[in-house]
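Q: Provided herewith is a single structure, encoded as structure tokens, for subsequent inquiry.
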Amino acid sequence: MKYQIVCVGSLKEKYFIDAVKEYQKRLSKFGEVRIIEVAEEKLTSCHASDVEKVKEKEGERLLEKCSGYVILCDLQGENISSTQLSQKLENIKQQHSTITFVIGGSYGVSEKVKKRADYLLCFSPMTFPHQLMRVILLEQIYRAETIAHHITYHK
């Protein structure tokens, strides 16, 4: 199994970098985990048209890296439990060798990215920093794998 996390921007804080490395190490027993970072666009003004341009440019970079079954982390996505996520991933694995998770930029993602996604997943109606979201996502993938493999971790 191959998991990809395609995200806008890079991690800067050491504690986030360390957390990501820890979950990548834990997940390595279940398959390959790749983090693919794409460049973040700088917003030159707060005009709606400029925000859309940023989303389009970042979206094209994200789409270039997407393969397999694509799950977009999105506020309009479905809220599911960890157990349901585990079941969903196990079902996807029956037909796909790669699952790509997408974490958009500060302004969200373009409609093209949303249309490419096979599934929209919402972790919470709250907004999280993108760096923290990466850690939360990896932890939930790890939790899903432990549930599927009956490993003591999930409570």
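Read-outs: derived from the displayed coordinates by stated rules, not from any lab. Since the structure is predicted, the reported quantities are computational estimates derived from the model, not experimental observations. Positions of Cβ are backbone-derived with ideal geometry, glycine not excepted, and every protein chain shown enters the neighbour counts.
Q: Say the dipole of the chain comes from +1 at the beta carbon of Lys and Arg and -1 at that of Asp and Glu; which of 99, 128, 152 then lies farthest toward its positive end?
A: 152
Q: For the range 134-145, what does the Karplus curve 6.51 cos²θ - 1.76 cosθ + 1.60, with θ = phi - 60°, yield as ³J(HN,Hα) per residue in whole Hz, taken in order and with x for Gly and Pro?
A: Result, ordered by residue: 4, 5, 4, 4, 4, 4, 5, 5, 4, 4, 4, 5 Hz.
Q: So, one more: Between residue 34 and residues 5 or more places away or on another chain, which pairs have amide H atoms under 5 Å apart, with H built 1.01 Å from N, and which residues are they?
A: Residues meeting the amide H criterion: 3, 4, 5.
Q: Which Rg and Dmax, in Å, describe the Cα atoms of the chain?
A: Every Cα atom of the chain included, Rg and Dmax give 15.3, 50 Å.
Q: What is the set of long-range amide H partners of residue 104 at a cut-off below 5 Å, with H atoms built 1.01 Å from backbone N?
A: 73
Q: Of the candidates 14, 112, 25, which one comes out as most mobile in a Gaussian network treatment of the chain with C-alpha springs shorter than 10 Å?
A: Of 14, 112, 25, the most mobile in the Gaussian network model is 14.
Q: Also, I was wondering about something else. With the crude spin-label approximation of a point 7 Å out along Cα→Cβ, what separation in nm comes out for residue 106 versus residue 12?
A: If labels sit at residue 106 and residue 12, their model points lie 0.9 nm apart.
Q: From the Cα gyration tensor of the range 89-155, with a ≥ b ≥ c the square roots of its eigenvalues, which class applies: rounded if a/c is under 1.5, or else prolate if a/b is larger than b/c, or else oblate?
A: oblate
Q: If I model a spin label as a point 7 Å beyond the Cα along the Cα-Cβ vector, how far apart are those points for residue 96 and residue 67 in nm?
A: For residue 96 paired with residue 67, the spin-label model returns 1.3 nm.
Q: Once you place label points 7 Å from the Cα toward the Cβ at residue 2 and residue 84, how far apart are they in nm?
A: So the label points at residue 2 and residue 84 sit 3.0 nm apart.
Q: A further question on this structure: Tell me, what ³J(HN,Hα) does each residue in the range 88-95 have, in order and in whole Hz, if you take phi through Karplus 6.51 cos²θ - 1.76 cosθ + 1.60 with θ = phi - 60° and put x for Gly and Pro?
A: These are the phi-based 3J(HN,Hα) values: 4, 5, 4, 5, 5, 4, 5, 10 Hz.
Q: From the phi angles alone, apply the Karplus equation (6.51, -1.76, 1.60; θ = phi - 60°) to the range 29-37 and give each ³J(HN,Hα) in whole Hz, x where the residue is Gly or Pro.
A: Working through the residues one at a time gives 6, 9, x, 7, 10, 10, 9, 10, 9 Hz.
Q: If you don't mind, there's one more thing I want to ask. Report the residue, chosen from 47, 130, 96, that carries the largest GNM mean-square fluctuation when the chain is represented by alpha-carbon nodes joined by springs under 10 Å.
A: Comparing 47, 130, 96 in a Gaussian network model of the chain, the most mobile one is 47.
Q: If the chain between residue 119 and residue 51 were fully stretched, how many nm would it gain, using 0.36 nm times the residue separation less the Cα-Cα distance?
A: Separation in residues times 0.36 nm, less the Cα-Cα distance, equals 22.1 nm.
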